[in-house]
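See below for the structure under consideration.
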Amino acid sequence: MAETFYFEIIASDKKFYSGACEHVIFPAVDGLYGVLANHEDTVTAVVAGELRFKVDGEWKVCVVGEGFADVTRDFVVIVVDTVERPEDIDIIRAREAKTRAEERLKQKQSRLQYYHTQAALSRAMARLKVTSKYVKK
């Protein structure tokens, strides 16, 4: 049995997961970040993408938006703006969101609007990537 640590994923609207975890892999600014028990303490930014975590030998997958991760020897807390299971994602809506964001990027925008549009595009692309990988058609 692998050593475990306490793990939480918290979104702006719900607590997605709370409990023991053996391993977590999440998308960070500088690439994928993997954490096992007794990891060195750190805080890092989380970007939109696929998050995987292992519970009782089984990998679970979700799509997260932007946020941050607080990692210590005994626990990992990830706070993000959105979190979804692949099977809960509406593929048509995600495609439409991607198209809208791409169209908005072609228009003149303020810097703030540009960053909001980039975030929307990243979320839509992450949703589409994860659903194509894990959801059976």
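From the list VAL135, VAL130, which one is more than 19 Å from ALA11 (Cα to Cα), β-branched (Val, Ile, Thr) and in contact (Cβ under 8 Å) with a residue 24 or more places away in the chain? Let's see the steps before the verdict.
Values: VAL130 fails: more than 19 Å from ALA11 (Cα to Cα).
Answer to the check: VAL135.
Quick one: which strands (runs of 3 or more DSSP E) lie wholly within the stretch 1-80 and hold at least 1 residues that are out of contact with any strand residue (DSSP E or B) (no Cβ under 8 Å at 6 or more places or on another chain) and either modelled with pLDDT of 95 or more or closer than 28 Å to VAL135 by Cβ (or both)? First the steps, then the outcome.
Values: elements: 5-11, 15-21, 23-28, 31-36, 42-46, 49-55, 58-64, 67-71, 75-80.
Counting at least 1 such residues, we get 31-36, 58-64.
Checking the condition among the polar types (S, T, N, Q) and outside the structural domain of VAL130 (by TED's automatic domain parsing), which residue from SER110, SER12 passes?
Only one candidate qualifies: SER12.
Results for (1) of a type in the set (Gly, Ala, Ser); (2) more than 30 Å from ALA20 (Cβ to Cβ); (3) exposed (fewer than 12 other Cβ atoms within 10 Å of the Cβ), shown as yes or no for each residue.
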site	(1), (2), (3)
VAL46	no, no, no
PHE53	no, no, no
VAL80	no, no, no
VAL83	no, no, no
ARG93	no, yes, yes
ARG100	no, yes, no
ALA119	yes, yes, no
ARG123	no, no, no
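Quick test of your reading of the structure: TRP59 fulfils all but one of (1) within 20 Å of GLY31 (Cβ to Cβ); (2) touching a residue at least 60 places away in the same chain (Cβ under 8 Å); (3) surrounded by fewer than 16 Cβ atoms within 10 Å (Cβ to Cβ). Name the failing condition by number.
Status for TRP59: all satisfied but (2).
The values are calculated or read from the model by the stated rules, or taken from the named source; none is laboratory data. What you see is a predicted model; the values in this text were computed from it and never measured. All Cβ positions, glycine included, derive from the backbone under ideal geometry; neighbour counts span all protein chains shown.
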